[in-house]
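Below you'll find the structure, written out as structure tokens, and then a few comments.
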Amino acid sequence: PQTAFVEQGTFTETVSASGNLQPVASVSATPEVDGIVGEVLVSEGDAVAEGQTLFTLVNDELDKAVKQAAQGIEEARNGVAQAQNAVNDAYHAKSAGQQAAAEAQAQAQAAAAAASEAATAGGSADATAGQAAGSPASFDEASADSAIRSAELGLSNANLALQNAQSAYDEAVARAAKRTVTASIAGSVVAVNIEPGKALGVGWGGR
């Protein structure tokens, strides 16, 4: 038998075939809002990461909605400020009324004391005049408390209106942000079926 030394080498085997490559999985980049294609930032065959921007849409109505919602917040803030001023004024009015009533009561008591002294020194006629001059002014505290409650209710409603305006603004901003279409998975772009200036609607499918 023939013999030979064993040597380490590399074994290479090549297999050739023809066909079409198919992706394991594909996802369509579907916009959630209507608009006109603005920028297309990828091309067929490009590798993209999850969350990478693929294209953008232009929709002036969404910009208008955001602007109007921002104005709504500003108006609601002004309403809160005015309502807060009304509450402050109601409390100040009650405090001023209580102070005025207390001062009137003190003046009446002082006048009564003076009249009493005058009556002792100068006769009953002076005493009668002093008692008439000493009638204190009245203060309707119940009405003041009612005004405070009404002002506080107005402030509560104004704060609720501000919360609603903020929610409307957040919703408008979130919807406007959907004009930027991103990749939902990492992979390669199989096909680009859009071009700048093309109108797209909700539900359009592109890979």
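The values are calculated or read from the model by the stated rules, or taken from the named source; none is laboratory data. These numbers come from a predicted model, not from an experiment. A quick note on method: Cβ atoms are made from the backbone with ideal geometry, for glycine too, and the neighbour counts reach across all protein chains shown. These accessible areas exclude ligands, DNA and RNA; they are computed on the full protein's heavy atoms, side chains included. Shrake-Rupley method; radii C 1.70, N 1.55, O 1.52, S 1.80 Å.
Assorted remarks:
- Net lengthening on full extension, Asn159/Asp140 (0.36 nm per residue, minus Cα-Cα): 3.9 nm
- Charge dipole magnitude, Cβ of K and R +1, D and E -1 - the chain, Cα centre, debye nearest 20: 240
- For the chain, the fraction of 1.4 Å probe accessible surface lying on carbon and sulfur atoms is 51 percent.
- Nitroxide proxy distance, nm - points 7 Å out along Cα→Cβ at Val190 and Ala110: 9.6
- Only protein heavy atoms count here; on that basis, with a 1.4 Å probe, Asp60 has an accessible area of about 110 Å².
- Sorting 7-14, 50-57 by average packing, meaning the other beta carbons within 10 Å per residue, from highest down gives 50-57, 7-14.
- Ratio of the Cα radius of gyration of the stretch 50-105 to 2.2 N^0.38 Å, where N counts its residues: 2.42
- Long-range HN-HN contacts of Asp46 with modeled amide H, under 5 Å: Val189
- Mean residue ellipticity (222 nm) of the chain, computed from DSSP H runs ≥ 4 via -39,500 (n - 2.57), nearest 500: -19500 deg cm²/dmol
- Normalised by residue number, the volume inside the convex hull of the Cα atoms of the chain is 264 Å³ per residue.
- Across the options Ala112, Ala191, Ala142, the greatest Cα extent toward the positive end of the charge dipole of the chain (unit charges at beta carbon of Lys, Arg, Asp, Glu) belongs to Ala191.
- For the chain, the solvent-accessible area of protein heavy atoms averages 70 Å² per residue (probe radius 1.4 Å; ligands and nucleic acids excluded).
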